[in-house]
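The values are calculated or read from the model by the stated rules, or taken from the named source; none is laboratory data. As the structure is a prediction and not an experimental result, all values here were calculated from the model. FYI the Cβ positions are ideal-geometry reconstructions off the backbone, even for glycines, and counts take in every protein chain you see. Keep in mind that these areas ignore ligands, DNA and RNA; they rest on the heavy atoms of the full protein, side chains included. Shrake-Rupley method; radii C 1.70, N 1.55, O 1.52, S 1.80 Å.
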Amino acid sequence: STDANISYFVGSYPIKVASATGEVLNNYTVEFETGLLSITPAPLFVITEDRSRKYGAVNPGFASAVTGARNGHVFTASSHTTTATPSTPVGTAEIVANVTGNGIWNYELKPDNGTLTITPAPLSITAADHTRVYGEPNPAFGGTYSGQQNNETFTVTGTSDATVLTAIGSAAIVPQVSGLTIDNYTVTPHSGTLKITPRL
């Protein structure tokens, strides 16, 4: 027999032999040796929900479900950790739950960590309008941008199909953007206008 019951903590507990019986038992000197009952940790399952956010944004709230508790124990995912910060590039990062509760040492955590997916942020670029005289080369094109995150800076340039032989009128200036972190954005371009005026 043993004093251990379902509420006992993880550990080892003695098993005692109370008695021995048999027809010829009187022919023996009986020695009782104590055994051990080993109580091992029960599995505790922690399932963390996936989340997503835009590049440059703060992390959203995280949530996890904890199941498998026994004997009235209550456990919660009191907090979560991830390596992702607003400057973490587009991609994925792991979400790990931190489980707390009285008696947690009696369990073996079985985590199913969540995934934080970081998606591109929107970046709008606009080519500046320009004017030049017919027969002259195109000026250097530039422009503006908005939607940048983490105080990042970019360079906006532009191209046009207009050449020195393009007739008087107007032509589109298509903006282009470059920068070290541009891969973290979904770029929406807005063309400018190159106005070609007569030569005097």
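Looking at the chain as a GNM with Cα springs under 10 Å, which of ILE104, ILE118, ILE95 has the largest mean-square fluctuation?
Sorting by GNM fluctuation, first place goes to ILE104.
Per residue of region 80-85, in order, report the coupling 6.51 cos²θ - 1.76 cosθ + 1.60 (Karplus, θ = phi - 60°) as ³J(HN,Hα) in whole Hz, putting x for Gly and Pro.
9, 10, 7, 7, 6, 10
Summing +1 for each Lys or Arg and -1 for each Asp or Glu, what net charge is found among the other residues whose Cβ lies under 15 Å from the Cβ of ALA167? Mind dumping the intermediate values first?
Working: positive: ARG132, LYS195, ARG199; negative: GLU136, ASP161.
Around ALA167, the charge tally is +1.
Describe numerically, in nm with one decimal, the distance between label points set 7 Å from Cα along Cα→Cβ at LEU109 and at GLU94.
Output for this residue pair reads 1.1 nm.
Any idea what the dipole of the chain comes to, in debye rounded to 20, about its Cα centre with Lys/Arg Cβ at +1 and Asp/Glu Cβ at -1?
I would put it at about 920 debye.
Enumerate the calculated ³J(HN,Hα) couplings along region 44-52 in order (Karplus 6.51 cos²θ - 1.76 cosθ + 1.60, θ = phi - 60°), each rounded to whole Hz, writing x wherever the residue is Gly or Pro.
Per residue, the Karplus-derived 3J(HN,Hα) values read 10, 8, 10, 10, 9, 6, 6, 9, 9 Hz.
Given points 7 Å out from each Cα along the Cα-Cβ axis, report the THR119 to ILE182 separation in nanometres with one decimal.
Computed distance between label sites THR119 and ILE182 equals 2.3 nm.
Quick one: length gained pulling ASP129 to ASP161 fully straight, 0.36 nm per residue minus the C-alpha distance? Walk me through the numbers on the way to the answer.
Details: separation 32, 0.36 × 32 = 11.52 nm, distance 1.45 nm.
The span from ASP129 to ASP161 would gain 10.1 nm if fully extended.
Rank-order 119-131, 57-69 by packing density, defined as the average count of other C-beta atoms within 10 Å over each peptide's residues, highest first.
Ranking, from highest mean packing down: 119-131, 57-69.
Please give me the summed charge of the neighbours of GLN176: other residues whose Cβ is under 15 Å from its Cβ, Lys and Arg +1, Asp and Glu -1.
Values: positive: none; negative: ASP161, ASP183.
That sum, taken over residues with Cβ under 15 Å, equals -2.
Can you give the % of DSSP beta bridges in the chain that are antiparallel, to the nearest 5?
Values: 33 of 53 bridges.
Taking every DSSP beta bridge with both residues in the chain, the antiparallel ones total about 60 percent.
Considering the chain as a Gaussian network with a 10 Å cut-off on Cα pairs, which listed residue, GLY35, GLY179, GLY142, attains the greatest mean-square fluctuation?
Of GLY35, GLY179, GLY142, the most mobile in the Gaussian network model is GLY35.
Taking amide H atoms as placed 1.01 Å from N in the peptide plane, list the residues 5 or more away in sequence, or in a different chain, whose amide H sits under 5 Å from that of SER170.
Answer set, sorted by chain and number: ILE196.
Can you work out the Karplus-derived ³J(HN,Hα) for every residue in region 122-139? Use 6.51 cos²θ - 1.76 cosθ + 1.60 with θ = phi - 60°, whole Hz, and x for glycine or proline.
Per residue, the Karplus-derived 3J(HN,Hα) values read x, 10, 9, 10, 10, 6, 6, 6, 9, 10, 8, 8, 3, x, 8, x, 5, x Hz.
Roll a 1.4 Å probe over the protein heavy atoms and report the accessible area of ARG199 in Å², nearest 10.
130
So what's region 82-200 giving for Cα Rg divided by 2.2 N^0.38 Å, two decimals?
Normalised by 2.2 N^0.38 Å, the Cα Rg of region 82-200 equals 1.83.
Where does the chain land on the Kirkwood hydrodynamic radius, alpha-carbon pairs, in angstrom?
23.7 Å is the Kirkwood radius here.
Across every pair of different alpha-carbon atoms, what Kirkwood hydrodynamic radius in Å does region 93-146 reach?
By the Kirkwood definition, the hydrodynamic radius is 17.6 Å.
Which whole-angstrom value gives the distance between the alpha carbon centres of region 145-200 and region 50-81?
45
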